[in-house]
Amino acid sequence: MKTYNFNFIDKFIYNKWEKNKYFYSNYNKGKKSYYLLLPPPNITGDLHIGHLLPFTILDIYARIKRMKGYNVCWIPGTDHASIATEIKIIKILKNNGINNLKKNKLKLLIFKWAKKYNKIIIDQLKKMGCSCDWTKFLFTMDKNYYNFVIKIFIKLYNKGLIYKRNKILNWDIIAKTTISDEEVIYKHRTNYLYYIKYFTEDKKKYLPIATTRPETIFGDTAVCINPTDKRYKKKILKLIVPIVNRIIPVIYDKSVNKKIGTGCLKITPAHSKKDFKIFKKNKNKIKIINIFNEDGTLNKVSKNYEGMDRFKVREKIYKKLKKLGYLIKKKKVINKIGYSDRTNTIIEKKISLEWFLKIKKFIKPTLKFIKKIKIFPNNKYINLFYKWIKNLKDWNISRRLIWGHKIPIYYYYYNEKRISIAANSLTEAIKILRHKYPRNRINKKKIKQDTHVLDTWFSSWMLPIAALKIFIKNNNFKYYFPIDLLVTGYDILFFWVLRMIMFSTFYIKRIPFKTIYFTGIARDKNKIKLSKSLGNYTNLYKLLKKYGADALRVGILVNNHKRDFIFSEDKNCIKGRNFINKIWNSYKLILKINNIKKNKKKEKGELLIIKWFYNILNYNLYKLNILLKNYKINKSLNLIKKIFKDKFCSIYLEFIKPNNNTINKLVKKFTLNYYKILLKILHPYIPFITEYLWSRLNNTKKDIVNTSWPKIKGFNKDIIKKFNNTLNLIKELKKIKVKKEKIILFIDKKDSKIILKKIYINLLYKYSYIKSIKIKKQNKYWFLFLNKYNFFILKKDIYLDKKNNRKKILKKIKFYKKYLFNIKKQLNNKKFLLNAPKDIIELEKKKVKDIIEKILNLKKTLFNLN
């Protein structure tokens, strides 16, 4: 096979893994457990490249831990995503001319959609190589998971931690439900500030009111002034709302900012959080008037404007105020407008009767346990946790939707009094009522369930516990729990990660995960987050078909060290494909080595190369384990790529290339062993091609996925250093055009003892045009070509273009001086020193030393040209 046919091979390999149950996990007393949880993607559509990053990282660790002998339990699943999914289906129906579909029919359609996309997502995860235990796949609307969510709600409700109340909340006019503060995105937009006259009852005086929302005057029930505002010393008791002609009181409160607008604040308690707070202090003086319908149109309170869109009404009210002489002026301003994260519509503040979870009880255990969790790539996120915890308010956990976990509260009217009962089902509700009121006949038809569903995040905050409770026997729960590694984007740090910690530390008094790794966010060329709703991404199936999973995995890991990164098919995917091609081409040479005749002839040069690669491989294995322990994922991949490409392919294979179709027996043995070790450490990153090549090179039935992670067998840094010095010397010699087939290398007498200890002379003779080394005192006939160790050759033995060489050296010196200036400038920057990680600062300092040495060496060479 000339090329690697990943479209055929990958599918065959994954089927083999599944058939052999390599990813299945069950209690095993003799093995350590390693519990992982797939951050469940939403069923709103198929996966995109943004999902690939956290899933690939999880797969890398799952595979490494299996190879290290752990019992890996990686539970996959999907999230029902109540708001996003329901909106998506309604939008599709509207585009097909279907409106106001019955609730039951809509729910059935959503279930069909969920079934379809669960299959697609599972297929995509498998194609990406995710080694999940598919016998434990869960969907958050599955019966078992649904029941677990309901059970938790009832427990919390019975403990008095859940209540129902009217509060002013964020209202999404498209989804027609409340949303949390965290689901509101604020954008700076150009707006207008309208200055309006609010006259006194006798119409002789007025107070100037500044507002960006003149359409809300129908809900005005007071005007509020700061009592310390000297501009309004003369107290006015009542004012008339323009157009509406409602008489409202003037009240005083220190919370009014004197510097904003005119200092007179119109109070619309039903549609402003700030106004609602003032209302609560003055309940006996003012009232609440709701002016909006659920879809953002004005209701019957607005009379002639009923059913009109809020922004159309704004324009009409502005014109009428101007016509009637109430408008003082209209001023252009830029202010922050809240948009729904899900529907991208401007949110409305609205009083709504909703369900809430008391948060105070969850804060103390969270603060107690949160320090035990390790956070990577850096610990700065812990400060965000503390910031959010301190500012937490009771959580609005209900949504006015059809799709989701229905709130298990049943209402029954008894003696004209409404009784609320928390129950798993209607049958259970009847049993509770019969037990509570044994003498009364319970009318089943009079029992009604609450119409709200639970916020999606309420069902997902219990996922680490629920997933195990559903699939693992209770007595084995402790064997797996907690999650060993959670990998997710920092954008859901509050929504999901913090809440999982809160639930777990409260419910079972244990952290839900030992380690969290926050990935960067994949963005398009316009720096917008890749999103299913926006559709700003290339279909994953297309990318997989074009490049294969292994190439995609490599490509996406390249930028993993960055907080956010621009995904580019041209850059990321092609980089990945090039590396896979390199592996495939190396396999062809290995296959050739495997098939050619052995000879018993031993050469010192070849034995040195075997010895060098043995040491460099073990040294890099040691470094790799440290990088993996510290979750330096992109660095770990780059290290493996460097070992494979630069050390094994470019150096080792080049040096041991067979001559006359024969190869030394020992060289062949070690070469094949080294290649197999490289395949093993590459496997977690690129599982498909490594599995295929392993099967081609091994007679054993054992697949690479089921082999052991390579053990470090010790290494000698001096051998590595000595070989690298010799290699650099050979490289430099190749750059020089010589007049003879073999020439002499000279070393200055004063340096000879030190230098000869730092190189392998036999290796130099075998792989360069040097026939011998002479030690003499330096003279004018010598040319310094490798200034780091003061190696010389006779000027008469080489073609020396002094003018061109001088020009090149001066250009290099100029480049390095400029580079040195920029690094020093950065190291003198206090902001950089305060914010940059220590390893980055140390790396920059090392660069300074290396560049200074390079400049000095180049100056030596320049001097030697004369």
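The values are calculated or read from the model by the stated rules, or taken from the named source; none is laboratory data. Given the structure is predicted, the values throughout are model-derived calculations rather than measurements. Cβ: placed from backbone, ideal geometry, glycine included. Neighbour counts: every protein chain shown. For the accessible areas, the whole protein counts, side chains as well, though only heavy atoms, and no ligand, DNA or RNA atoms are used. Shrake-Rupley method; radii C 1.70, N 1.55, O 1.52, S 1.80 Å.
By the rule of a C-alpha distance below 19 Å, with chain neighbours fewer than 8 residues away ignored, the aspartates and glutamates paired with K817 are E844, D850, E853.
Given q = 0.11, 0.12, 0.22 Å⁻¹, what are the Debye log10 I(q)/I(0) values for the range 1-79, with equal point scatterers placed on the Cα positions and solvent ignored? Summing over Cα pairs of the range 1-79 leads to -0.39, -0.46, -1.17.
Globularity index of the range 11-128 is 1.35 (Cα radius of gyration / 2.2 N^0.38 Å, N = number of residues).
Using only side-chain charges placed at the Cβ, +1 for Lys and Arg and -1 for Asp and Glu, the dipole size of the chain relative to its Cα centre rounds to 2740 debye. Pairwise inverse Cα distances across the range 267-398, averaged and inverted, put the Kirkwood hydrodynamic radius at 19.2 Å. Our summary gives the chain a relative contact order of 12 percent, counting only alpha carbon pairs under 8 angstrom and 6 or more residues apart. Under 5 Å from the amide H of K349 lie the amide H atoms of W171, each residue being 5 or more positions distant or on a separate chain, with H modelled from the backbone and absent for Pro and chain starts. The calculated FRET efficiency for the pair K368 and K582, based on their C-beta separation and a Förster distance of 51 Å, comes to about 0.50.
For I483, the residues 5 or more places off, or on other chains, whose built amide H falls under 5 Å of its own are F513, K514. Applying 1/(1 + (r/R0)^6) with r as the Cβ-Cβ distance of I596 and T3 and R0 = 22 angstrom yields a FRET efficiency of 0.45.
Can you give the translational diffusion coefficient of the range 498-586 in µm²/s, computed by Stokes-Einstein from the Kirkwood radius over Cα pairs at 10 °C and 1.306 mPa s? The diffusion coefficient I find is 103 µm²/s. Pairs of Cα atoms in the range 593-745 fall into 5 Å distance bins, from 0 up to the last occupied one, in shares of 1, 8, 16, 18, 19, 16, 11, 6, 3, 2, 1, 0 percent. Evaluating 6.51 cos²θ - 1.76 cosθ + 1.60 at θ = phi - 60° for every residue in the range 119-126, the Karplus couplings come out as 5, 4, 5, 4, 4, 5, 4, 5 Hz, glycine and proline recorded as x.
Of all alpha-carbon pairs in the range 174-245, indicate the percentage at a distance above 17 angstrom. I get 59 percent for the Cα pairs in the range 174-245 exceeding 17 Å. In the full protein context, the chain carries 52 Å² of accessible surface per residue, based on a 1.4 Å probe and ignoring ligands, DNA and RNA. Averaging the Cα positions of each part gives two centres, and for the range 89-107 and the range 128-161 these lie 27 Å apart. Ranking W355, F376, N344 by how far each Cα lies toward the positive end of the dipole of the range 330-381 (charges on Cβ) leaves F376 at the top.
Coupling constants for the range 59-71 follow from the phi torsions by the Karplus curve (6.51 cos²θ - 1.76 cosθ + 1.60, θ = phi - 60°), and in residue order they are 5, 4, 6, 4, 5, 4, 5, 4, 5, 8, x, 7, 8 Hz; glycine and proline get x. Note on the chain: helix-only mean residue ellipticity at 222 nm, from DSSP H runs of 4+ residues weighted -39500 (n - 2.57) and normalised by residue number, equals -13500 deg cm²/dmol. The amide H of Y206, built 1.01 Å from its N in the peptide plane, has T200 as neighbours under 5 Å, considering only residues 5 or more places off or on other chains. Taken over the Cα atoms of the range 486-550, the convex hull encloses 130 Å³ per residue.
Here the range 604-725 has 47 percent of its accessible surface on carbon and sulfur atoms, given a 1.4 Å probe and all protein chains in place. For a straight C-alpha distance cut-off of 19 angstrom, the aspartates and glutamates reachable from K323 (same-chain residues fewer than eight places away being disregarded) are E215, E315.
3J(HN,Hα) along the range 33-46: 8, 9, 9, 10, 10, 6, x, x, x, 5, 8, 5, x, 6 Hz, from the Karplus curve 6.51 cos²θ - 1.76 cosθ + 1.60 with θ = phi - 60°, whole Hz, x for Gly and Pro.
With 24 Å as the limit, the listed pairs K204/K320; K632/K701; K167/K312 have K632/K701; K167/K312 beyond it between alpha carbons. If the Kirkwood radius is taken over C-alpha pairs of the range 364-458, then at 20 °C and 1.002 mPa s the Stokes-Einstein diffusion coefficient equals 126 µm²/s. Dividing the Cα radius of gyration of the range 680-739 by 2.2 N^0.38 Å, with N the residue count, gives 1.82. Counting only protein heavy atoms and a probe of 1.4 Å, the accessible surface of the range 231-323 is 51% carbon and sulfur.
Only one residue of G548, S772, P249 has its Cα farthest out toward the positive end of the dipole of the chain, where Lys and Arg carry +1 and Asp and Glu -1 on Cβ, and that residue is S772. Centre-to-centre, using Cα atoms only, the range 472-495 and the range 437-462 are separated by 29 Å.
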